[in-house]
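The values are calculated or read from the model by the stated rules, or taken from the named source; none is laboratory data. Here the structure is a predicted model, which means the values were calculated and not measured. Heads up, the Cβs are rebuilt from the backbone with ideal geometry, glycines too, and the neighbour counts pull from every protein chain shown. Surface areas here come from the heavy atoms of the whole protein model, side chains and all, with no ligands, DNA or RNA. Shrake-Rupley method; radii C 1.70, N 1.55, O 1.52, S 1.80 Å.
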Amino acid sequence: MSTLRPPEAPGAHYNRVAQRSACTVIAGYSTSFGWAVRLLEEPVRTHVRSIYALVRVADETVDDPDPLLPNTLRAQMLDDLAAETARAVQRGRSTNLVVQAFAITARRHGIGPELLDPFFASMRADLAVSEHDQASLQEYVHGSAEVVGLMCLRVFVAGDDAAFARLREPAQSLGAAFQKVNFLRDLAEDHDQLGRTYFPGLDPESFSDAHRDQLLDDIDADLDRAAAAIPHLPGGSRRAVAAAHGLYSALSPRRRAAPAAEIRRTRVRVPDHEKAQILARVLLGRRA
């Protein structure tokens, strides 16, 4: 006896294809993030991948070192992406599959201009600002990282505005920590290839152990603020956030042990076996 399947909602197939496309983008770029995101439960995992796929495309637009892409062209491409994203969030449809996947998430979880506008403003800053002061760095980190943490938090709490308000500041701290870790990781590449210096007053050519420790103290403080909120996250996201926190936290002692000159030349990484141990501890409910 055959059973008739109920008809799909209009656009359901296209939406699935779009979300798979976002997953492909993340698989092509992610490292520690890719390890942690697998611990998210569905549908949270798909929505977070859709957020990060858009972030990745925007980031590549401004960071790809291709000399055939002048900043004027990159700026136009970024403006086009921002405009298409805004339209898709408003009307629910885009011919860009990554934008479509993001729009599905944004419309479902209330991600709007208050988070999108600062994000694209920070991406534009990468094309115009080569050195930051403290105020511009704070604004940049808010747009490039803190709002991304807030987008993910919107997904995690699934419409619980009280939980969002309660966890907002720790989510921003975690996003800021991740961004500063990346700044430190990419210190040489940002300066030598892209002509950017993010940390105010810091000349990468004279990067010292004292600079290293000062920056790591700031990162560790952000991570500590974020850690206090992890037990209060919904179950579908708690383990993944704990894993990401643990993976980034594991970099700090390794970087403190590395001479500043080494950090200036090479990336300090957490070995895969140590990443596996962190993930195992999270899965067993222990501290990462």
I'm trying to understand the selection: among the residues of segment 188-197, which are in a loop (DSSP other than H, G, I, E, B) and either touching a Gly at 6+ places or on another chain (Cβ under 8 Å) or open to solvent by less than 20 Å² (accessible area, probe 1.4 Å) (or both)?
196
Any hit, segment 261-280, residues being at pLDDT below 90, of a type outside the set (Phe, Trp, Tyr) and on the phi > 0 side of the Ramachandran plot:
no
Looking at 269, 255, can you tell me which residue is within 22 Å of the chain's Cα centre (by Cα), open to solvent by 40 Å² or more (accessible area, probe 1.4 Å) and under 13 Å from residue 181 (Cβ atoms)?
269
Of all residues being among the hydrophobic types (A, V, I, L, M, F, W, C) and modelled with pLDDT under 70 in segment 1-48, which is surrounded by the fewest Cβ atoms within 10 Å (Cβ to Cβ)? Just the residue, please.
1
crowded, with 19+ Cβ neighbours inside 10 Å, out of contact with any strand residue (DSSP E or B) (no Cβ under 9 Å at 6 or more places or on another chain) and at pLDDT 90 or above: does that describe residue 202?
no
Scan 279, 216 and give me the residue that is open to solvent by less than 50 Å² (accessible area, probe 1.4 Å) and under 20 Å from residue 33 (Cβ atoms).
279
Can you find a residue in segment 239-248 that is in contact (Cβ under 8 Å) with a residue 12 or more places away in the chain, closer than 27 Å to residue 204 by Cβ, in contact with a helix residue (DSSP H, G or I) (Cβ under 8 Å, 6 or more places away or on another chain) and outside any helix (DSSP H, G or I)?
no
What helices (runs of 4 or more DSSP H) completely inside segment 84-187 contain at least 2 residues that are touching a Gly at 6+ places or on another chain (Cβ under 7 Å) and open to solvent by 10 Å² or more (accessible area, probe 1.4 Å)?
113-128, 147-157, 161-185
Write out, first by first residue and then by second, each pair whose Cβ atoms fall under 6 Å of each other, whose residues are 6+ apart or on separate chains, and whose first residue, in segment 155-170, is farther than 18 Å from residue 44 by Cα while the second is open to solvent by less than 30 Å² (accessible area, probe 1.4 Å) and not in a helix (DSSP H, G or I).
170/229
In segment 56-73, what count of residues is obtained for those that are assigned to a helix (DSSP H, G or I) and either in contact with a helix residue (DSSP H, G or I) (Cβ under 6 Å, 6 or more places away or on another chain) or open to solvent by 60 Å² or more (accessible area, probe 1.4 Å) (or both)?
8
Within segment 229-249, identify whether any single residue is touching a Leu at 6+ places or on another chain (Cβ under 6 Å), at pLDDT 90 or above and open to solvent by 70 Å² or more (accessible area, probe 1.4 Å), and answer yes or no.
yes
